[in-house]
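The values are calculated or read from the model by the stated rules, or taken from the named source; none is laboratory data. This one's a predicted model, so the numbers in the text were calculated from it and none came from an experiment. Backbone-built Cβ (ideal geometry, glycine too); neighbour counts: all protein chains shown. Just so you know, the surface numbers come from the protein's heavy atoms only, side chains and all, with ligands and any DNA or RNA stripped out. Shrake-Rupley method; radii C 1.70, N 1.55, O 1.52, S 1.80 Å.
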Amino acid sequence: MRALILGGTADASLLAAEVARAGLDAVYSYGGRTRAPADQPLPTRIGGFGGVSGLADYIRREAITHVIDATHPFAAEMSRNAVDACADTETPLIALERAAWARMPGDNWIEVANVGAAAAALPQAPANVFLAIGRQHIAPFASKPQHAYTLRFVDPPEVPLPFAADVIVSRGPFTFDRELEMLRAREIAWMVARNSGGDGAYAKIEAARTLGLPVIMIARPALPERQRVDSVAEVMQWLGHSTRLGA
Ligand code: 3Y8
Ligand code: NAP
(Lines give C-alpha, C1' and ligand atoms only; values in the text may rest on other atoms or scores of the structure.)
(Ligands and ions follow the chains in the order given, each with its own letter.)
Protein backbone atom coordinates (compact mmCIF):
# COMPACT_ATOMS: atom_id res chain seq x y z
CA MET A 1 0.00 0.00 0.00
CA ARG A 2 1.32 3.46 -0.89
CA ALA A 3 -1.00 6.44 -0.37
CA LEU A 4 -0.93 9.89 -1.95
CA ILE A 5 -2.54 12.58 0.24
CA LEU A 6 -3.61 15.66 -1.75
CA GLY A 7 -3.32 18.06 1.17
CA GLY A 8 -3.17 21.73 1.99
CA THR A 9 -5.83 21.90 4.72
CA ALA A 10 -6.04 21.46 8.48
CA ASP A 11 -7.92 18.18 7.95
CA ALA A 12 -5.18 16.90 5.66
CA SER A 13 -2.62 17.67 8.36
CA LEU A 14 -4.64 15.68 10.92
CA LEU A 15 -4.79 12.77 8.46
CA ALA A 16 -1.04 12.95 7.79
CA ALA A 17 -0.34 12.69 11.53
CA GLU A 18 -2.52 9.57 11.83
CA VAL A 19 -1.01 7.96 8.72
CA ALA A 20 2.51 8.63 10.02
CA ARG A 21 1.57 7.24 13.46
CA ALA A 22 0.31 4.06 11.78
CA GLY A 23 3.62 3.80 9.93
CA LEU A 24 1.91 3.68 6.54
CA ASP A 25 3.83 4.38 3.33
CA ALA A 26 2.46 7.73 2.11
CA VAL A 27 3.36 10.98 0.35
CA TYR A 28 1.85 14.38 1.24
CA SER A 29 1.25 16.84 -1.59
CA TYR A 30 0.95 20.66 -1.48
CA GLY A 31 -0.03 22.76 -4.49
CA GLY A 32 2.70 25.28 -3.76
CA ARG A 33 0.38 28.19 -3.03
CA THR A 34 2.17 29.49 0.05
CA ARG A 35 5.77 30.38 0.74
CA ALA A 36 6.23 28.24 3.82
CA PRO A 37 3.57 25.57 4.13
CA ALA A 38 3.35 23.72 7.43
CA ASP A 39 5.79 20.80 7.79
CA GLN A 40 4.26 17.34 7.60
CA PRO A 41 5.40 14.07 9.27
CA LEU A 42 5.45 12.41 5.84
CA PRO A 43 7.61 12.72 2.69
CA THR A 44 6.23 15.86 1.03
CA ARG A 45 6.06 17.09 -2.56
CA ILE A 46 5.14 20.66 -3.53
CA GLY A 47 3.63 21.93 -6.82
CA GLY A 48 1.23 20.85 -9.53
CA PHE A 49 1.42 17.47 -11.24
CA GLY A 50 0.71 18.84 -14.74
CA GLY A 51 -3.01 18.24 -15.12
CA VAL A 52 -4.78 14.88 -15.25
CA SER A 53 -2.06 13.18 -17.31
CA GLY A 54 0.65 14.50 -15.02
CA LEU A 55 -1.15 13.11 -11.97
CA ALA A 56 -1.76 9.77 -13.73
CA ASP A 57 1.94 9.55 -14.63
CA TYR A 58 2.87 10.36 -11.02
CA ILE A 59 0.55 7.62 -9.72
CA ARG A 60 2.12 5.05 -12.05
CA ARG A 61 5.73 6.20 -11.54
CA GLU A 62 5.42 6.31 -7.75
CA ALA A 63 3.38 3.05 -7.55
CA ILE A 64 0.60 4.87 -5.67
CA THR A 65 -2.14 2.40 -4.68
CA HIS A 66 -4.57 4.79 -2.88
CA VAL A 67 -5.34 8.50 -3.34
CA ILE A 68 -6.95 10.62 -0.63
CA ASP A 69 -8.29 14.00 -1.77
CA ALA A 70 -7.99 16.01 1.44
CA THR A 71 -7.85 19.35 -0.39
CA HIS A 72 -10.20 22.24 0.25
CA PRO A 73 -13.82 22.25 -0.99
CA PHE A 74 -12.88 25.14 -3.29
CA ALA A 75 -9.87 23.31 -4.75
CA ALA A 76 -12.22 22.13 -7.49
CA GLU A 77 -9.69 21.68 -10.29
CA MET A 78 -7.47 19.46 -8.14
CA SER A 79 -10.44 17.39 -7.06
CA ARG A 80 -11.71 16.99 -10.62
CA ASN A 81 -8.24 16.00 -11.83
CA ALA A 82 -7.99 13.41 -9.05
CA VAL A 83 -11.29 11.80 -10.12
CA ASP A 84 -10.14 11.58 -13.75
CA ALA A 85 -6.57 10.43 -13.05
CA CYS A 86 -7.74 7.77 -10.60
CA ALA A 87 -10.30 6.53 -13.16
CA ASP A 88 -7.60 6.41 -15.86
CA THR A 89 -5.21 4.46 -13.62
CA GLU A 90 -7.92 2.46 -11.82
CA THR A 91 -6.62 3.73 -8.48
CA PRO A 92 -8.96 3.78 -5.44
CA LEU A 93 -9.84 7.38 -4.48
CA ILE A 94 -11.58 8.77 -1.40
CA ALA A 95 -12.28 12.41 -0.46
CA LEU A 96 -11.93 13.70 3.09
CA GLU A 97 -14.44 16.53 2.95
CA ARG A 98 -15.73 18.59 5.87
CA ALA A 99 -19.42 19.46 5.98
CA ALA A 100 -20.48 22.89 4.74
CA TRP A 101 -21.44 25.46 7.36
CA ALA A 102 -25.20 25.70 7.87
CA ARG A 103 -26.91 29.00 8.49
CA MET A 104 -27.66 29.30 12.25
CA PRO A 105 -30.28 31.46 14.04
CA GLY A 106 -28.92 34.99 14.07
CA ASP A 107 -26.86 34.53 10.90
CA ASN A 108 -27.48 37.26 8.34
CA TRP A 109 -26.30 35.46 5.18
CA ILE A 110 -26.75 36.40 1.56
CA GLU A 111 -25.98 33.13 -0.24
CA VAL A 112 -24.47 33.45 -3.75
CA ALA A 113 -23.17 30.96 -6.29
CA ASN A 114 -19.71 32.39 -7.01
CA VAL A 115 -17.31 35.24 -6.39
CA GLY A 116 -18.72 37.36 -9.26
CA ALA A 117 -22.19 37.18 -7.70
CA ALA A 118 -20.63 38.07 -4.35
CA ALA A 119 -19.23 41.33 -5.76
CA ALA A 120 -22.61 42.08 -7.36
CA ALA A 121 -24.33 41.51 -4.01
CA LEU A 122 -22.36 44.30 -2.28
CA PRO A 123 -24.27 47.60 -1.93
CA GLN A 124 -23.51 50.67 -4.05
CA ALA A 125 -23.10 52.96 -1.04
CA PRO A 126 -19.47 52.93 0.19
CA ALA A 127 -18.87 50.59 3.13
CA ASN A 128 -16.08 48.88 5.07
CA VAL A 129 -15.88 45.37 3.55
CA PHE A 130 -13.85 42.36 4.78
CA LEU A 131 -12.98 39.90 1.99
CA ALA A 132 -12.00 36.62 3.71
CA ILE A 133 -11.55 34.74 0.45
CA GLY A 134 -7.79 34.76 0.04
CA ARG A 135 -5.78 36.16 -2.82
CA GLN A 136 -6.60 34.23 -5.98
CA HIS A 137 -10.17 35.33 -6.70
CA ILE A 138 -10.49 39.00 -5.68
CA ALA A 139 -10.52 40.59 -9.16
CA PRO A 140 -14.36 40.92 -9.43
CA PHE A 141 -14.36 43.39 -6.52
CA ALA A 142 -12.49 45.90 -8.69
CA SER A 143 -15.96 46.60 -10.13
CA LYS A 144 -16.88 48.28 -6.81
CA PRO A 145 -13.85 50.40 -5.88
CA GLN A 146 -16.01 52.69 -3.73
CA HIS A 147 -15.68 50.35 -0.74
CA ALA A 148 -12.90 50.36 1.87
CA TYR A 149 -11.65 46.76 1.58
CA THR A 150 -9.77 44.67 4.12
CA LEU A 151 -8.22 41.51 2.66
CA ARG A 152 -6.56 38.59 4.45
CA PHE A 153 -3.76 36.65 2.76
CA VAL A 154 -1.47 33.87 3.93
CA ASP A 155 1.57 35.66 2.44
CA PRO A 156 2.24 39.35 1.65
CA PRO A 157 0.98 40.31 -1.84
CA GLU A 158 3.70 40.08 -4.51
CA VAL A 159 1.83 42.01 -7.22
CA PRO A 160 -0.21 45.24 -7.09
CA LEU A 161 -3.80 44.65 -5.99
CA PRO A 162 -6.62 45.22 -8.54
CA PHE A 163 -8.11 47.80 -6.16
CA ALA A 164 -7.07 49.78 -3.08
CA ALA A 165 -7.23 47.59 0.02
CA ASP A 166 -5.67 46.99 3.40
CA VAL A 167 -4.11 43.51 3.64
CA ILE A 168 -3.91 41.45 6.83
CA VAL A 169 -1.23 38.75 6.48
CA SER A 170 -2.22 35.75 8.59
CA ARG A 171 -2.50 32.02 7.89
CA GLY A 172 -5.06 31.00 10.49
CA PRO A 173 -6.67 29.13 12.07
CA PHE A 174 -8.37 32.14 13.65
CA THR A 175 -10.01 32.70 17.05
CA PHE A 176 -13.38 34.23 17.85
CA ASP A 177 -11.94 36.96 20.10
CA ARG A 178 -9.36 38.04 17.52
CA GLU A 179 -11.96 38.07 14.74
CA LEU A 180 -14.40 40.11 16.86
CA GLU A 181 -11.66 42.58 17.77
CA MET A 182 -10.57 42.96 14.13
CA LEU A 183 -14.12 43.46 12.81
CA ARG A 184 -14.89 46.06 15.49
CA ALA A 185 -11.58 47.92 15.13
CA ARG A 186 -12.09 48.22 11.38
CA GLU A 187 -15.84 48.95 11.71
CA ILE A 188 -16.52 46.26 9.11
CA ALA A 189 -20.09 46.49 7.79
CA TRP A 190 -19.99 43.61 5.26
CA MET A 191 -18.11 40.29 5.10
CA VAL A 192 -17.55 38.04 2.09
CA ALA A 193 -16.67 34.40 2.83
CA ARG A 194 -16.58 31.05 1.10
CA ASN A 195 -18.39 28.10 2.59
CA SER A 196 -15.17 26.31 3.47
CA GLY A 197 -16.61 24.35 6.37
CA GLY A 198 -14.33 23.13 9.12
CA ASP A 199 -13.28 24.97 12.25
CA GLY A 200 -10.23 26.82 10.94
CA ALA A 201 -12.18 29.65 9.37
CA TYR A 202 -15.50 29.52 11.22
CA ALA A 203 -14.59 32.02 13.96
CA LYS A 204 -15.23 34.94 11.60
CA ILE A 205 -18.75 33.64 10.90
CA GLU A 206 -19.50 33.48 14.62
CA ALA A 207 -18.05 36.96 15.12
CA ALA A 208 -20.21 38.31 12.27
CA ARG A 209 -23.28 36.75 13.90
CA THR A 210 -22.40 38.38 17.24
CA LEU A 211 -22.11 41.76 15.53
CA GLY A 212 -25.18 41.20 13.34
CA LEU A 213 -23.07 41.73 10.21
CA PRO A 214 -24.34 40.63 6.79
CA VAL A 215 -22.19 37.84 5.35
CA ILE A 216 -22.16 37.21 1.60
CA MET A 217 -21.59 33.44 1.62
CA ILE A 218 -20.19 31.87 -1.56
CA ALA A 219 -21.43 28.34 -2.20
CA ARG A 220 -19.03 25.53 -2.98
CA PRO A 221 -18.32 24.58 -6.60
CA ALA A 222 -19.97 21.41 -7.89
CA LEU A 223 -17.65 18.40 -7.81
CA PRO A 224 -17.94 15.05 -9.61
CA GLU A 225 -19.27 12.10 -7.66
CA ARG A 226 -16.61 10.27 -5.67
CA GLN A 227 -16.54 8.37 -2.37
CA ARG A 228 -16.54 10.94 0.46
CA VAL A 229 -16.05 10.72 4.22
CA ASP A 230 -15.81 13.47 6.80
CA SER A 231 -13.48 11.94 9.38
CA VAL A 232 -9.84 10.85 9.54
CA ALA A 233 -10.95 7.59 11.20
CA GLU A 234 -13.03 6.67 8.14
CA VAL A 235 -10.08 7.32 5.84
CA MET A 236 -7.89 5.11 8.04
CA GLN A 237 -10.48 2.34 7.91
CA TRP A 238 -10.60 2.73 4.12
CA LEU A 239 -6.83 2.33 4.10
CA GLY A 240 -7.32 -0.87 6.11
CA HIS A 241 -6.08 0.60 9.38
CA SER A 242 -8.69 1.41 11.98
CA THR A 243 -7.25 4.07 14.29
CA ARG A 244 -6.38 2.82 17.76
CA LEU A 245 -9.04 4.53 19.92
CA GLY A 246 -7.51 7.02 22.28
CA ALA A 247 -4.01 6.13 21.12
C1 3Y8 B 1 -1.27 26.15 0.75
C2 3Y8 B 1 -1.13 25.36 3.83
C3 3Y8 B 1 -3.44 24.62 9.22
C4 3Y8 B 1 -4.04 24.82 7.86
C5 3Y8 B 1 -4.70 26.18 7.77
C6 3Y8 B 1 -8.66 25.06 6.83
C7 3Y8 B 1 -8.02 26.12 7.72
C8 3Y8 B 1 -6.64 28.21 7.80
C9 3Y8 B 1 -9.38 28.74 6.25
C10 3Y8 B 1 -10.00 33.64 6.15
C11 3Y8 B 1 -10.11 32.43 5.25
C12 3Y8 B 1 -8.75 30.81 2.52
C13 3Y8 B 1 -7.27 30.39 2.32
C14 3Y8 B 1 -8.02 29.47 4.29
C15 3Y8 B 1 -8.22 28.56 5.32
C16 3Y8 B 1 -6.97 26.96 6.96
C17 3Y8 B 1 -5.75 26.12 6.68
C18 3Y8 B 1 -7.37 27.38 5.53
C19 3Y8 B 1 -8.96 30.59 4.03
C20 3Y8 B 1 -3.17 27.07 3.98
C21 3Y8 B 1 -2.08 26.34 3.24
C22 3Y8 B 1 -2.18 26.63 1.89
C23 3Y8 B 1 -3.29 27.48 1.72
C24 3Y8 B 1 -3.72 28.02 0.41
C25 3Y8 B 1 -4.68 29.15 0.56
C26 3Y8 B 1 -5.26 29.73 -0.74
C27 3Y8 B 1 -6.45 30.55 -0.17
C28 3Y8 B 1 -6.93 29.70 0.99
C29 3Y8 B 1 -6.31 31.53 2.60
C30 3Y8 B 1 0.03 26.02 4.54
C31 3Y8 B 1 -2.63 28.06 4.99
C32 3Y8 B 1 -8.99 32.22 2.08
C33 3Y8 B 1 -9.72 29.85 1.78
O34 3Y8 B 1 -2.13 33.31 -1.10
C35 3Y8 B 1 -2.64 32.31 -1.67
O36 3Y8 B 1 -2.45 32.01 -2.88
C37 3Y8 B 1 -3.53 31.45 -0.85
C38 3Y8 B 1 -4.28 30.57 -1.51
C39 3Y8 B 1 -5.68 28.65 -1.70
C40 3Y8 B 1 -7.61 30.76 -1.14
C41 3Y8 B 1 -7.30 31.64 -2.29
O42 3Y8 B 1 -7.86 31.36 -3.35
O43 3Y8 B 1 -6.50 32.61 -2.07
N44 3Y8 B 1 -5.87 28.72 1.24
N45 3Y8 B 1 -3.88 27.75 2.89
C46 3Y8 B 1 -1.78 24.80 0.30
C47 3Y8 B 1 -0.98 24.27 -0.86
O48 3Y8 B 1 -0.03 24.94 -1.33
O49 3Y8 B 1 -1.30 23.14 -1.29
O50 3Y8 B 1 0.52 27.05 3.99
O51 3Y8 B 1 0.47 25.48 5.56
C52 3Y8 B 1 -4.07 26.06 4.65
C53 3Y8 B 1 -5.27 26.58 5.33
N54 3Y8 B 1 -6.11 27.42 4.82
O55 3Y8 B 1 -2.24 24.37 9.23
O56 3Y8 B 1 -4.20 24.71 10.18
O57 3Y8 B 1 -9.80 25.30 6.44
O58 3Y8 B 1 -8.01 24.07 6.52
N59 3Y8 B 1 -7.06 29.41 3.37
C60 3Y8 B 1 -11.19 30.06 2.11
O61 3Y8 B 1 -11.82 30.83 1.39
O62 3Y8 B 1 -11.64 29.46 3.11
C63 3Y8 B 1 -8.76 31.80 4.95
O64 3Y8 B 1 -9.04 34.42 5.97
O65 3Y8 B 1 -10.88 33.79 7.01
P1 NAP C 1 -7.17 24.29 -7.49
O2 NAP C 1 -7.51 25.62 -8.05
O3 NAP C 1 -8.21 23.25 -7.35
O4 NAP C 1 -5.96 23.61 -8.29
C5 NAP C 1 -5.29 24.26 -9.34
C6 NAP C 1 -4.06 23.43 -9.67
O7 NAP C 1 -3.15 23.54 -8.57
C8 NAP C 1 -4.33 21.92 -9.76
O9 NAP C 1 -4.86 21.56 -11.01
C10 NAP C 1 -2.95 21.36 -9.49
O11 NAP C 1 -2.08 21.63 -10.61
C12 NAP C 1 -2.48 22.29 -8.39
N13 NAP C 1 -2.80 21.77 -7.05
C14 NAP C 1 -3.79 22.17 -6.23
N15 NAP C 1 -3.73 21.53 -5.05
C16 NAP C 1 -2.67 20.69 -5.12
C17 NAP C 1 -2.07 19.77 -4.22
N18 NAP C 1 -2.54 19.59 -2.99
N19 NAP C 1 -0.98 19.05 -4.66
C20 NAP C 1 -0.48 19.25 -5.90
N21 NAP C 1 -0.98 20.14 -6.81
C22 NAP C 1 -2.07 20.84 -6.40
O23 NAP C 1 -6.45 24.48 -6.07
P24 NAP C 1 -6.48 25.77 -5.08
O25 NAP C 1 -7.88 26.10 -4.75
O26 NAP C 1 -5.56 26.80 -5.66
O27 NAP C 1 -5.82 25.12 -3.78
C28 NAP C 1 -4.44 24.91 -3.77
C29 NAP C 1 -4.07 24.31 -2.45
O30 NAP C 1 -4.49 25.14 -1.37
C31 NAP C 1 -4.68 22.95 -2.20
O32 NAP C 1 -3.73 22.14 -1.53
C33 NAP C 1 -5.83 23.24 -1.28
O34 NAP C 1 -6.11 22.14 -0.44
C35 NAP C 1 -5.27 24.38 -0.47
N36 NAP C 1 -6.33 25.23 0.05
C37 NAP C 1 -7.16 25.81 -0.83
C38 NAP C 1 -8.17 26.61 -0.33
C39 NAP C 1 -9.11 27.29 -1.26
O40 NAP C 1 -9.86 28.15 -0.83
N41 NAP C 1 -9.09 26.93 -2.53
C42 NAP C 1 -8.31 26.81 1.06
C43 NAP C 1 -7.42 26.19 1.92
C44 NAP C 1 -6.42 25.40 1.40
P45 NAP C 1 -1.82 20.55 -11.80
O46 NAP C 1 -3.06 20.62 -12.63
O47 NAP C 1 -0.59 21.04 -12.48
O48 NAP C 1 -1.65 19.20 -11.15
Please go through the stretch 9-30 and give me each residue that is open to solvent by 50 Å² or more (accessible area, probe 1.4 Å) and within 6 Å of ligand 1 (Cβ to nearest atom), ordered by number.
Ala10
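Listed here are the residues, each with its yes/no results for (1) open to solvent by less than 20 Å² (accessible area, probe 1.4 Å); (2) under 24 Å from Gly116 (Cβ atoms).
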residue	(1), (2)
Phe174	no, no
Arg194	no, yes
Tyr202	no, no
Ala207	yes, no
Selection within the stretch 117-126 - open to solvent by 20 Å² or more (accessible area, probe 1.4 Å) and either within 25 Å of Arg184 (Cβ to Cβ) or at pLDDT below 95 (or both):
Ala121, Pro123, Gln124, Ala125, Pro126
If you go through the stretch 219-233 one residue at a time, do you hit one that is out of contact with any Asp or Glu (no Cβ under 8 Å at 6 or more places or on another chain), aliphatic (A, V, I, L, M) and part of a strand (DSSP E or B)?
no
Look through the stretch 41-61, keep the residues that are in contact with a strand residue (DSSP E or B) (Cβ under 7 Å, 6 or more places away or on another chain) and part of a loop (DSSP other than H, G, I, E, B), and return whichever of them is surrounded by the fewest Cβ atoms within 10 Å (Cβ to Cβ).
Pro43
Considering every residue within the stretch 40-61, establish whether at least one is within 9 Å of ligand 2 (Cβ to nearest atom), more than 22 Å from Arg171 (Cβ to Cβ) and aliphatic (A, V, I, L, M).
yes
Which pairs do you get when a residue that is under 26 Å from Pro224 (Cβ atoms) and assigned to a loop (DSSP other than H, G, I, E, B), found in the stretch 95-110, comes within reach of a residue that is open to solvent by 70 Å² or more (accessible area, probe 1.4 Å) and modelled with pLDDT under 95, reach meaning Cβ atoms under 8 angstrom, with the pair 6+ apart or on two chains?
Glu97/Asp230; Arg98/Asp230; Ala99/Asp230
Restricting attention to the stretch 132-158, and to residues there that are open to solvent by 70 Å² or more (accessible area, probe 1.4 Å) and more than 16 Å from ligand 2 (Cβ to nearest atom), which single residue is nearest to Thr210 (Cα to Cα)?
Pro145
